[in-house]
1. When only residues in region 101-140 that are assigned to a strand (DSSP E or B) and among the polar types (S, T, N, Q) count, which is modelled with the highest pLDDT?
2. Please enumerate the residues belonging to region 71-100 that are at pLDDT 70 or above and surrounded by fewer than 18 Cβ atoms within 10 Å (Cβ to Cβ).
3. With the requirement that a residue be surrounded by fewer than 10 Cβ atoms within 10 Å (Cβ to Cβ), at pLDDT 75 or above and charged (D, E, K, R), what does region 1-50 give you?
4. All but one of (1) modelled with pLDDT of 85 or more; (2) within 24 Å of Pro112 (Cβ to Cβ); (3) among the polar types (S, T, N, Q) hold for Gln59; state the number of the condition that does not hold.
5. Step by step: first the residues of region 141-152, then only those that are surrounded by fewer than 19 Cβ atoms within 10 Å (Cβ to Cβ) and not hydroxyl-bearing (Ser, Thr, Tyr), then the one that is modelled with the highest pLDDT. Which residue is that?
6. Condition first: more than 7 Å from Gln103 (Cβ to Cβ) and part of a strand (DSSP E or B). Now tell me which residues in region 141-155 satisfy that.
7. For region 19-36, check the following and say yes or no: at least one residue is touching a residue at least 60 places away in the same chain (Cβ under 8 Å) and among the hydrophobic types (A, V, I, L, M, F, W, C).
8. Just name the residue that is farthest from Ser76 (Cα to Cα) out of those in region 51-64 that are in contact with a Lys or Arg (Cβ under 9 Å, 6 or more places away or on another chain) and surrounded by 17 or more Cβ atoms within 10 Å (Cβ to Cβ).
Amino acid sequence: MIVLSDATVRADFVMTQAPAIIPMVVVEDRTRGKMGPFNQRMASGVGSFVTRAEIEKRQPGSISELLRTLPGVHISQRMAGEPQPVDMQRSRSSSMQSTCTVQLYVDGQPYPNGNVDDFPPLSVEGVEVYRSASEIPADFRTRNATCGLIALWTRDPEAARRKP
């Protein structure tokens, strides 16, 4: 239809109800934020990982109890109240020792002379375990991390108060 500049045109419209609006879906980018590197390394398939969901499902009394079920991880038995060292079981052919002490990192930083049980399970968002130097990602690789490494990621204090 062509309308001339000095013409008047009339149009009739019929209004109908639109279908329900689809709710907005927010997709979380798991590769960003504090847990981004954890999630990226978990996707690579190297190492063992324990997520917050697994911690909540298993409800361990301590982090060492949580780690006890991972292959290649050995928790030494001690008297109540004493720290429980975490070792990686190694074959005698790969090392003169059958076990060696692992490096511990917390929130991406070395935690020398610390213990995994310094952190209650409620305060931990995720755990990464690398059983040998060949598994340790570049983010954590040092000349001292030859026997394996455990990286703990703590929870946001506000999140820890909201959820068990």
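1. Start the filter on region 101-140 by keeping residues that are assigned to a strand (DSSP E or B), which leaves 101, 103-106, 109-110, 124-130.
Filter once more, keeping what is among the polar types (S, T, N, Q): 101, 103, 109.
Values: Thr101: 68, Gln103: 90, Gln109: 94.
Across region 101-140, the extreme among qualifying residues is Gln109.
2. Pro71, Gly72, His74, Ser76
3. Selection gives Asp6, Arg10, Asp12.
4. Of the numbered conditions (1) modelled with pLDDT of 85 or more; (2) within 24 Å of Pro112 (Cβ to Cβ); (3) among the polar types (S, T, N, Q), the odd one out for Gln59 is (2).
5. Of all residues in region 141-152, those surrounded by fewer than 19 Cβ atoms within 10 Å (Cβ to Cβ) come to 141-146.
With the extra rule that they be not hydroxyl-bearing (Ser, Thr, Tyr), the set shrinks to 141, 143-145.
Numbers: Arg141: 87, Arg143: 78, Asn144: 73, Ala145: 71.
Among residues in region 141-152 that are surrounded by fewer than 19 Cβ atoms within 10 Å (Cβ to Cβ) and not hydroxyl-bearing (Ser, Thr, Tyr), the one modelled with the highest pLDDT is Arg141.
6. Ile150, Ala151, Leu152, Trp153, Thr154
7. Filtering region 19-36 down to residues touching a residue at least 60 places away in the same chain (Cβ under 8 Å) leaves 34-35.
Imposing the further condition that a residue be among the hydrophobic types (A, V, I, L, M, F, W, C) reduces the set to 35.
Checking region 19-36: at least one residue is touching a residue at least 60 places away in the same chain (Cβ under 8 Å) and among the hydrophobic types (A, V, I, L, M, F, W, C).
8. Arg52
The values are calculated or read from the model by the stated rules, or taken from the named source; none is laboratory data. In this text, all values refer to a predicted model and were calculated from it rather than measured experimentally. Cβ sites come from the backbone with ideal geometry, for glycine too, and all protein chains shown count toward neighbours.
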